[in-house]
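K.L.:
Provided herewith is a single structure, encoded as structure tokens, for subsequent inquiry.
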Amino acid sequence: MSSTPSEHQFQARIDADQRIEPKDWMPEDYRKTLIRQMSQHAHSEIVGMLPEGNWITRAPTLKRKSILLAKVQDEAGHGLYLYSAAETLGASRDDLLADLHAGKAKYSSIFNYPTLSWADIGAIGWLVDGAAILNQVPLCRTSYGPYARAMVRVCKEESFHQRQGFEIMQTLCNGSAEQKAMAQDALNRWWWPTLMMFGPRDDESAHTARSMQWRIKRFTNDELRQKFVDMMVPQAEFLGLTIPDEALRWNEATRHYDFGEVDWDEFWNVVQGRGPCNRERLDARVQAHEAGAWVREAALAHAAKRKARQTPTEQMV
Ligand code: BYC
């Protein structure tokens with residue numbers, strides 16, 4: 001794939017596990033791939049605040065409410081680090097947001113499903129953040145420096161998120177029969193959409209081979225999906241819950257769990273904007289952006305006023 005001498009040298013640096021930094025030379029496609037992935041990731045964090053934000057006012061106790069509030073705020077922070085990291089590649093945050101609001105940019109399919117009960121908040125933390133950690137821990141070693149560094153803090157916070165989700169599920173599973181049934185119902189609805197988070201099968205994935213060559217991705221979609229299933233089966237057993245997959249069984253030969261096929265028609269429908277909550281999620285983001293216009297204007301006016309008061313030397317710093 002490497003053709004020009006610069007591309008050859010670039011690949012040699014990647015192969016030697018050297019980080020690529022913003023001012024380094026990079027192939028245009030490497031830059032575009034990173035902006036695509038990082039902006040989709042940032043949008044996922046920001047849209048991902050909505051299904052959980054829906055339960056902040058209805059959390060069962062003050063303690064649960066403050067934990068959920070902190071988690072949703074963390075997700076806003078993750079989105080902001082990721083937009084900043086994408087800006088180091090020359091992307092404009094305004095353009096990235098405009099693409100999201102126009103329905104042109106992708107974000108994770110998982111956030112287009114509704115949160116119908118409190119148990120869904122447990123299932124999101126346990127399953128969705130569990131999947132996010134598996135996907136994102138290898139990104140701490142991704143080849144682009146600012147992305148890798150942003151991921152270190154994100155992953156620490158995601159671990160706390162996953163723990164709080166598991167703890168909600170554990171509390172429900174140790175509670176009344178009705179509470180346990182709520183937990184099982186949430187698992188039934190979130191299991192397959194969570195498997196879809198890892199993306200299409202490797203033989204259908206447009207970007208995996210190249211992203212692996214550039215060490216943007218460290219594992220393929222199918223490898224991570226398998227790791228997720230292997231990690232989750234014992235946890236579900238511990239909780240006393242049943243994973244809704246009749247094909248799920250331990251395979252002694254491969255030392256992994258075999259599992260059923262994802263409904264790929266459903267996956268592509270959701271990715272292409274036809275999921276249960278796509279419209280609602282985008283409308284909420286557009287409304288929030290419009291309602292925040294006065295804050296952006298005030299911040300800019302404040303910055304301009306401060307700058308006008310500075311001496312010419314201070315302005316250069
Ligand atoms: N949903 O060739 P592929 C979180 C798209 S945040 C929607 O495999 P790639 C959390 C893909 O973009 C979770 N679209 O692509 C937040 C591509 O479309 P384009 C987000 C998907 O990039 C708050 C096309 O399908 N995590 O966890 O090599 C609260 C072909 O796919 C999906 C990240 O973003 C999907 N599920 O691999 C709680 C992590 N899957 O661009 C939790 C970083 C695929 O050609 N991203 N597509 O139009 C990645 O690791 C990779 O981008 C992916 C996809 C594994 C997601």
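We did not get these values from a lab; they are worked out from the coordinates using the rules stated. Everything quoted here is computed from the prediction, not taken from an experiment. Note that we place each Cβ from the backbone using ideal geometry, even for glycine, and neighbour counts take in every protein chain shown.
K.L.:
List the number of the failed condition for residue 45; all other conditions in (1) farther than 25 Å from residue 119 by Cα; (2) crowded, with 19+ Cβ neighbours inside 10 Å; (3) touching a His at 6+ places or on another chain (Cβ under 8 Å) hold.
P.N.:
Result: residue 45 passes all but (1).
K.L.:
Would you be able to tell me the number of residues in segment 20-42 that are surrounded by fewer than 17 Cβ atoms within 10 Å (Cβ to Cβ) and touching a Gly at 6+ places or on another chain (Cβ under 6 Å)?
P.N.:
Residues in segment 20-42 being surrounded by fewer than 17 Cβ atoms within 10 Å (Cβ to Cβ) and touching a Gly at 6+ places or on another chain (Cβ under 6 Å): 1 in total.
K.L.:
Here's something else I'd like to know. Quick check on segment 190-233: of everything there that is among the polar types (S, T, N, Q) and more than 8 Å from the ligand (Cβ to nearest atom), which residue is surrounded by the most Cβ atoms within 10 Å (Cβ to Cβ)?
P.N.:
Selected residue: 194.
K.L.:
Please enumerate the residues belonging to segment 185-234 that are assigned to a helix (DSSP H, G or I), in contact with a strand residue (DSSP E or B) (Cβ under 8 Å, 6 or more places away or on another chain) and of a type in the set (A, V, I, L, M).
P.N.:
229, 233
K.L.:
Something else now. Here's a check for you: in segment 158-169, which residue that is buried (at least 17 other Cβ atoms within 10 Å of the Cβ) and of a type outside the set (A, V, I, L, M, F, W, C) is farthest from the ligand (Cβ to nearest atom)?
P.N.:
Filtering segment 158-169 for residues that are buried (at least 17 other Cβ atoms within 10 Å of the Cβ) and of a type outside the set (A, V, I, L, M, F, W, C), the one farthest from the ligand (Cβ to nearest atom) comes out as 164.
K.L.:
Report, ordered by the first and then the second residue, all pairs with beta carbons closer than 6 Å, sequence separation of six or more or different chains, a first member in segment 147-171 that is within 30 Å of residue 181 (Cα to Cα), and a second member that is of a type in the set (Asp, Glu) and part of a helix (DSSP H, G or I).
P.N.:
157/74; 158/129; 161/129; 162/129; 165/129
K.L.:
Something else now. Of the numbered conditions (1) hydroxyl-bearing (Ser, Thr, Tyr); (2) without any contact (Cβ under 8 Å) to a residue 12 or more places away in the chain; (3) closer than 30 Å to residue 190 by Cβ, residue 4 fails exactly one; give the number of that condition.
P.N.:
Every condition holds for residue 4 apart from (3).
K.L.:
With the checklist (1) within 16 Å of the ligand (Cβ to nearest atom); (2) more than 13 Å from the chain's Cα centre (by Cα); (3) touching a residue at least 40 places away in the same chain (Cβ under 8 Å) in hand, flag the one item residue 82 doesn't pass.
P.N.:
The one condition residue 82 does not meet is (2).
K.L.:
For segment 106-156, give me each residue that is more than 12 Å from the ligand (Cβ to nearest atom), in a helix (DSSP H, G or I) and buried (at least 21 other Cβ atoms within 10 Å of the Cβ).
P.N.:
The answer is 119, 120, 122, 146.
K.L.:
Collect the residues in segment 23-44 that are more than 11 Å from residue 86 (Cβ to Cβ) and in contact (Cβ under 8 Å) with a residue 40 or more places away in the chain, keeping them in residue-number order.
P.N.:
The answer is 29, 30, 33, 44.
K.L.:
Of all residues in segment 193-210, which are in contact with a Leu (Cβ under 9 Å, 6 or more places away or on another chain) and closer than 18 Å to residue 35 by Cβ?
P.N.:
Residue satisfying the conditions is 199 alone.
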